[in-house]
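Here is the structure we will look at.
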Amino acid sequence: MDWIILFIAGLFETGFAFCLGKAKVTNGTEMYLWYFAFLVSLTISMLLLIKATKTLPIGSAYAVWTGIGAVGTALIGIFVFKEPTNFWRLFFIFTLIASIIGLKIASN
């Protein structure tokens, strides 16, 4: 169950990065709403990370949480914010995914 909580925490990390990206391209009230969503996502992500690390090894949990956020943010950058992509960028995203899976397996 704690790995699921950690995965959800990683998704919220991706969410707060997404909110920062949206706030950057908006202004006025909409910008402040995105910053508010950023704070909510950040808070939820941190609380779930804290809960997961009560039973999971901190080194593995933090690395997996960060990796999920990094992969999710990179994919949002490519698909939502139309950031450039090439072979090497995709290669390293897949390397991150493999590392996340490896850490989860090695932590059991």
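Meeting the requirement of 3 or more residues that are without any contact (Cβ under 8 Å) to a residue 24 or more places away in the chain, at negative phi and more than 16 Å from the chain's Cα centre (by Cα), the helices (runs of 4 or more DSSP H) wholly within the chain are 29-52, 87-106.
The residues of the range 1-23 that are within 18 Å of G72 (Cα to Cα) and surrounded by fewer than 14 Cβ atoms within 10 Å (Cβ to Cβ) amount to a single one, I4. Within the range 35-58, the residues that satisfy the criterion of being more than 22 Å from L103 (Cβ to Cβ) and buried (at least 18 other Cβ atoms within 10 Å of the Cβ) are F38, S41.
Within the range 38-48, not a single residue is of a type in the set (F, W, Y) and more than 21 Å from E83 (Cβ to Cβ). Working only within the range 10-34, note down all residues that are in contact with a Leu (Cβ under 8 Å, 6 or more places away or on another chain) and over 18 Å from W65 (Cα atoms). Scanning the range 10-34 gives a single hit, W34.
Only the coordinates and a few stated rules stand behind these numbers; no lab work does. Predicted model, so just to flag it, every value in this text is computed and none were measured. Heads up, the Cβs are rebuilt from the backbone with ideal geometry, glycines too, and the neighbour counts pull from every protein chain shown.
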